[in-house]
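Here the structure is laid out as structure tokens; the discussion comes afterwards.
The values are calculated or read from the model by the stated rules, or taken from the named source; none is laboratory data. None of the values given here were measured: they were computed from a predicted structure. Counting neighbours? That spans all protein chains shown, and the Cβs are built from the backbone with ideal geometry, glycine included.
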Amino acid sequence: MSDQPAEDPGADTAESEELERPAPVVDHDPTGLALARSIAHSVGAQVRRRKAKPRTKTEPQASGSHPDDRDPQLLGSAMERLVESKGWSTELNVHTLLGRWPVLVGPTNAAHSHPESYAEGVLTVRADSTVWATSLRSMAPQLVAILNDKLGDGTVRLVKVLGPDAPSWKRGRLSVRDGRGPRDTYG
């Protein structure tokens, strides 16, 4: 005698009949509404099963006729808040003022010079020739005073005036082997 229970001969046939039975034929819905309804029903069931987060008690915000932070904002005020939050106000003010370079140094000086950079309180200006660079160097203290008056004290500590970019005289028909060459007009 075996320890295993006797097998029911009809059990195998019932399982095999279930496996061999064809699935019921479902009519095709060309509009897809039935499929959409079943998806919406399953999604709705999932949403209902989720636990709701406990709500904190806050005062309800009443919308009134007066403007508040929830209203659409003007682009200018939004940009001002961005500039202030990033700390760009000093740089922006300096570059705005340097955009009016002819007003600061006069039209004649502005025709022969241009501001090149501003970093850490030092304004670098490039002149067309050494004569114009010397002229701007002589008026640098007044320029620092004007800029600090308009931008705030300590914004510009130094105005560094550079002469023109000198060409290289190391090669070419104007090169001089023993000496500096024709450099009398360059910074």
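Remarks
- Residues satisfying the stated conditions in the range 84-107, i.e. within 17 Å of GLY152 (Cα to Cα), assigned to a helix (DSSP H, G or I) and aromatic (Phe, Trp, Tyr): none
- Selection from the range 23-58 of residues that are assigned to a loop (DSSP other than H, G, I, E, B) and at pLDDT 65 or above: ASP27, HIS28, ASP29, PRO30, THR31, GLY32, THR56, THR58
- Of everything in the range 65-117 that is among the polar types (S, T, N, Q) and closer than 14 Å to LEU136 by Cβ, the residue that is surrounded by the fewest Cβ atoms within 10 Å (Cβ to Cβ) is THR108.
- Subset of the range 62-83 (residues that are farther than 18 Å from THR96 by Cα and not in a loop (DSSP other than H, G, I, E, B)): LEU75, ALA78
- Inter-residue pairs, beta-carbon under 9 Å, first at pLDDT 85 or above and in the range 73-90, second surrounded by 11 or more Cβ atoms within 10 Å (Cβ to Cβ) and in a loop (DSSP other than H, G, I, E, B), 6+ apart: ARG81/GLN73; LEU82/TRP88
Table: residues versus (1) exposed (fewer than 12 other Cβ atoms within 10 Å of the Cβ); (2) touching a strand residue (DSSP E or B) at 6+ places or on another chain (Cβ under 8 Å); (3) at pLDDT 90 or above.
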{"site": "ALA119", "(1), (2), (3)": "yes, no, no"}
{"site": "LEU151", "(1), (2), (3)": "no, no, no"}
{"site": "VAL156", "(1), (2), (3)": "no, yes, no"}
{"site": "LYS160", "(1), (2), (3)": "no, yes, yes"}
{"site": "GLY172", "(1), (2), (3)": "yes, no, no"}
{"site": "TYR186", "(1), (2), (3)": "no, no, no"}
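- Being of a type outside the set (Ser, Thr, Tyr), under 28 Å from GLY87 (Cβ atoms) and in contact with a Phe, Trp or Tyr (Cβ under 9 Å, 6 or more places away or on another chain) is a property that PRO164 lacks.
- Output for the range 108-143, where each listed residue is assigned to a helix (DSSP H, G or I), free of Cβ contacts under 8 Å to residues at least 40 places away in the same chain and under 18 Å from PRO164 (Cβ atoms): THR108, ASN109, ALA110, ALA111, VAL131, TRP132, THR134, SER135, LEU136, ARG137, SER138, ALA140
- The single condition among (1) in contact with a strand residue (DSSP E or B) (Cβ under 6 Å, 6 or more places away or on another chain); (2) surrounded by fewer than 16 Cβ atoms within 10 Å (Cβ to Cβ) that VAL125 does not meet is (2).
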